[in-house]
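Just below is one structure, and these are the notes that go with it.
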Amino acid sequence: MRIIVCVKPVPDPRHWNRMSLHPTLKVLVREGIPNVVNPLDRHALEEALRIRERYGGEVMILSMAPLFSLSILREALAMGADRAVLLSDKAFAGSDTLATSHILSEAVKRIGPFDLILCGNQTIDGWTGHVGPQLSEFLGIEGISFVKMIEGFHFEEDGTAKAIVRKKTEGGYVRIEARLPLLLSVVKEINTPRYVTFSGILEAERKEIQVMSASDLRIDPSQVGLAGSPTKMADLFMPEVKRRREVVQEKPEMASKLIFEKIRQRGLI
Amino acid sequence: MDFKLSEREELLRKTVREFAEREIAPRMEAMEETGEFPVDLLKKMGEIGILGVITPPEYGGVGLGNLARIIILEELGRVCPAIPMALQVHHMATHALSAFANEEQKRKYLPPLAKGETMGVVAVTEPSGGSDVAGMKTSARLEGDRYILNGRKCFITNAHASDIWVVIARTGEGGKGLSAFIVERGFPGAKLGRKENKVGLRGAITGELVFQNCEVPKANLLGHEGDGMNIAIRNIVETGRPGMASVALGILNAVLEQAVKFANERILYGKPISSLQMIQSHLADIYADLEISRLLVYRVGWMRDQNIRCDAESALAKQFSCEAAARSARKAIEIHGSYGILREYPVQRLLRDALVTIPAGGTAEVARLVMARQALSLVK
Ligand SMILES: Cc1cc2nc3c(=O)[nH]c(=O)nc-3n(C[C@H](O)[C@H](O)[C@@H](O)COP(=O)(O)OP(=O)(O)OC[C@H]3O[C@@H](n4cnc5c(N)ncnc54)[C@H](O)[C@@H]3O)c2cc1C
Ligand SMILES: Cc1cc2nc3c(=O)[nH]c(=O)nc-3n(C[C@H](O)[C@H](O)[C@H](O)COP(=O)(O)OP(=O)(O)OC[C@H]3O[C@@H](n4cnc5c(N)ncnc54)[C@H](O)[C@@H]3O)c2cc1C
């Protein structure tokens, strides 16, 4: 099984209190904030590694990010991926989800045949959840989001194969059968990612990271980056979080009912 | 001279930090309460490579070296100093075996230690005085194909959680009459004594080992008869003191974080107290203690990795960083005002932990003796 895992470096949530919004440019000011692998992408990678352990094959990391992200890819390799491709070019800067998906799809076409692409369902910074679905559209394959379990694969005699997956819904899940090649966007319930091991770190030092630019991908610069992005950020702001206090003065049983009702009315449960 | 950590070292740090925050931090309270080491974490730490970091790959370790070990202990200590206290002695046991055991002994005892099947122990100190190693009383008498051990070891880290003990005992007269043995907990006559109730580093077990006509096969002699003093000294200089210094370094990281956090959150006169000059002066002192300790400890790791002798440097790193941790923890408590002495604020625990690091691995006075010897040798 050849599996591509899409990985996006994102600012480490532990340092988000140091992050600010640029008042006029409306972008995140991330200077000095270390990056980490987008948390759900670790779940995607974990799932890929488990599939490889069971069915054999190869796990490739694909990422579009600035060159300083090499260490993030090294971390993904240390977790156990076989090799990585980093798409890096000044022309890619400012890409919206459409341009990002376009770039990723061009890279996938050059990487060669694959059976599965695994993405996180969404990132912790952009949080759009667009990239997985758009990438599957660009590639003309099936895509399923909110995947919380891969039950297994059926390999037919004619060489085709299909996967049976569970897609998380609000009250439960939908069981879906889909033909490979297939793109799955995973949620955190799917697994618990393994820790990087020290021997994994040593092995990763000998693994290949291929860097590709816009011209390597034969991409027209006007199709990517700010120029190729139809989405324009209208506004970006920090919501004001305010604490409110209400005192419930009732007997314990009544009070708990009232509090429960208030929580329910706010749609919190 | 290169002060920049490599990509490998940065990744090690990140990995261990994540493990510590996710797996160890939630266990802190229970460790404080019960004084028990969370032995169920051993297997995971073994898989990651934490336990076998200085054990060669041929014997189940990862062989990443001494600087890597220091970074790992520092990161663990930032979250919970008791864990690296226990692990640093575990590493001492693996070092004693890697450096002095024969092939057969290495193949038998190193893999279970590196994998986390059990913890390691190095037992030198006796009730007769930890500083006076040559004065120890535990005896080992050769009878046929076995040694018979009699005596008592105290303040032994991991005692009640270990199956493999490196024990120094007397086979002859004076300092030259000491020998090292590998003792299994299951050997006849090997017993556990009391478990100490410490004020700090509570999650690391400290206790007694008792030998009552304990039968140790001759094949379990480490090195040769008479090597005991050398093994004990090299072990403490090359792993024990840098290890204790790393625990203190971890404490200093936590002290700085807690002090800055509180100083920024506590509002007086309408402003955070971090804007007060005298508070800033405390913070500057803590920062200096942290940075100086780190330079000293990392240097020892680097020297060890280059195979450079580091007796005085190791003693300096140990003495400075352990005392720095205690004095900085006190400053952090002062920054907290009265909140600093409440149980729910970690600074009081950091002070208790720091105090315990000072005698462990040799006292500050003994470390100063080593440094003074070096100073006296510099000018003739
Ligand atoms: C605060 C913020 C808000 C934004 N809002 C929008 C918006 O509303 N519309 C818009 O078009 N753009 C938006 N962007 C830009 C957007 O982040 C990036 O253009 C796009 O590259 C990724 O979108 P995402 O982070 O939402 O990814 P998602 O679609 O949430 O990511 C899903 C998965 O796709 C994969 N993936 C995503 N990006 C990459 C990558 N670069 N390399 C490899 N795999 C990847 C990962 O597996 C990831 O888990 C926003 C960015 C920020 C920081
Ligand atoms: C948490 C912890 C873990 C430990 N783990 C281990 C372990 O795993 N294995 C092990 O073998 N031991 C261990 N020890 C024991 C430790 O190494 C000894 O406690 C230490 O060496 C001091 O010995 P002592 O307590 O007998 O003090 P003593 O040796 O009795 O010293 C008493 C005082 O005299 C001073 N002194 C001694 N000699 C001199 C001198 N020549 N000049 C000036 N002053 C001197 C000392 O500095 C000290 O102030 C541990 C201790 C602690 C606290």
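The values are calculated or read from the model by the stated rules, or taken from the named source; none is laboratory data. Because the structure is predicted, anything quoted here is derived from the model rather than measured. Heads up, the Cβs are rebuilt from the backbone with ideal geometry, glycines too, and the neighbour counts pull from every protein chain shown. Ligands, DNA and RNA are excluded from the accessible area calculation, which covers all protein heavy atoms including side chains. Shrake-Rupley method; radii C 1.70, N 1.55, O 1.52, S 1.80 Å.
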Within the bounds of segment B:322-334, is there any residue that is assigned to a loop (DSSP other than H, G, I, E, B) and open to solvent by 40 Å² or more (accessible area, probe 1.4 Å)? no
Sole residue being open to solvent by less than 20 Å² (accessible area, probe 1.4 Å), touching a residue at least 12 places away in the same chain (Cβ under 8 Å) and within 13 Å of ligand 1 (Cβ to nearest atom), chosen from A:78, A:99, A:93: A:99
Enumerate the strands (runs of 3 or more DSSP E) found wholly within segment B:46-161, keeping only those where 1 or more residues are within 12 Å of ligand 2 (Cβ to nearest atom). B:119-123, B:146-157
Residues of segment A:173-202 classified as touching a Phe, Trp or Tyr at 6+ places or on another chain (Cβ under 6 Å) and within 14 Å of chain B (Cβ to nearest Cβ), total: 1
Residue pairs within 6 Å by beta carbon, gap of at least six or interchain, first lying in segment A:112-133 and closer than 14 Å to residue A:10 by Cα, second acidic (Asp, Glu) and at pLDDT 95 or above, listed first then second, are A:120/A:41
Residue, nearest to ligand 2 (Cβ to nearest atom), within segment B:358-373, restricted to residues that are closer than 14 Å to residue B:313 by Cα and open to solvent by 80 Å² or more (accessible area, probe 1.4 Å): B:369
Checked against (1) open to solvent by 10 Å² or more (accessible area, probe 1.4 Å); (2) within 14 Å of chain A (Cβ to nearest Cβ), residue B:52 satisfies every condition except (1)
Just checking, how many residues over segment B:162-208 are part of a loop (DSSP other than H, G, I, E, B), within 13 Å of ligand 2 (Cβ to nearest atom) and either more than 22 Å from residue B:243 (Cα to Cα) or not basic (Lys, Arg) (or both)? 8
The strands (runs of 3 or more DSSP E) lying wholly within segment A:166-269 that contain at least 1 residues that are under 30 Å from residue A:154 (Cα atoms) and at pLDDT 95 or above are A:173-179, A:182-186
When residue B:298 is evaluated against the numbered criteria (1) in contact with a helix residue (DSSP H, G or I) (Cβ under 6 Å, 6 or more places away or on another chain); (2) touching a residue at least 60 places away in the same chain (Cβ under 8 Å); (3) within 25 Å of residue B:243 (Cβ to Cβ), which criterion, by number, is the only one it fails? (1)
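To keep it simple, each residue is scored yes or no on (1) open to solvent by less than 10 Å² (accessible area, probe 1.4 Å); (2) farther than 16 Å from residue B:115 by Cα.
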{"site": "B:5", "(1), (2)": "no, yes"}
{"site": "B:8", "(1), (2)": "no, yes"}
{"site": "B:25", "(1), (2)": "no, yes"}
{"site": "B:29", "(1), (2)": "no, yes"}
{"site": "B:40", "(1), (2)": "no, no"}
{"site": "B:46", "(1), (2)": "no, no"}
{"site": "B:68", "(1), (2)": "yes, yes"}
{"site": "B:91", "(1), (2)": "yes, no"}
Counting only residues that are closer than 26 Å to residue B:79 by Cα and touching a strand residue (DSSP E or B) at 6+ places or on another chain (Cβ under 8 Å), how many does segment B:189-234 have? 7
Hits in segment A:132-157 (condition: out of contact with any Gly (no Cβ under 8 Å at 6 or more places or on another chain), more than 22 Å from residue A:54 (Cβ to Cβ) and open to solvent by 40 Å² or more (accessible area, probe 1.4 Å)): A:134, A:138, A:140, A:146
When the residues of segment B:342-357 are narrowed to those that are open to solvent by 40 Å² or more (accessible area, probe 1.4 Å) and among the basic types (Lys, Arg), which ends up farthest from residue B:83 (Cα to Cα)? B:343
Taking residue A:243 and the conditions (1) open to solvent by less than 90 Å² (accessible area, probe 1.4 Å); (2) without any contact (Cβ under 8 Å) to a residue 60 or more places away in the chain, which numbered condition does it fall short on, given that it satisfies the others? (1)
From the residues in segment B:166-181 that are buried (at least 24 other Cβ atoms within 10 Å of the Cβ) and not small (Gly, Ala, Ser), which one is farthest from residue B:86 (Cα to Cα)? B:178
Among all residue pairs at least 6 apart or on different chains, which show Cβ distances below 6 Å where the first residue, located in segment B:358-373, is touching a residue at least 60 places away in the same chain (Cβ under 8 Å) and over 19 Å from residue B:156 (Cα atoms) and the second is open to solvent by less than 50 Å² (accessible area, probe 1.4 Å) and more than 7 Å from ligand 2 (Cβ to nearest atom)? B:367/B:315; B:367/B:318; B:367/B:319
If you go through segment A:34-59 one residue at a time, how many are more than 14 Å from chain B (Cβ to nearest Cβ), within 12 Å of ligand 1 (Cβ to nearest atom) and either among the small types (Gly, Ala, Ser) or surrounded by fewer than 20 Cβ atoms within 10 Å (Cβ to Cβ) (or both)? 2
Quick check, is residue B:18 open to solvent by 10 Å² or more (accessible area, probe 1.4 Å), within 8 Å of another protein chain (Cβ to nearest Cβ) and assigned to a helix (DSSP H, G or I)? yes
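How about segment B:234-283: which of its residues are assigned to a helix (DSSP H, G or I) and small (Gly, Ala, Ser)?
Correct list: B:240, B:243, B:245, B:246, B:248, B:250, B:254, B:259, B:263, B:274, B:275, B:281.
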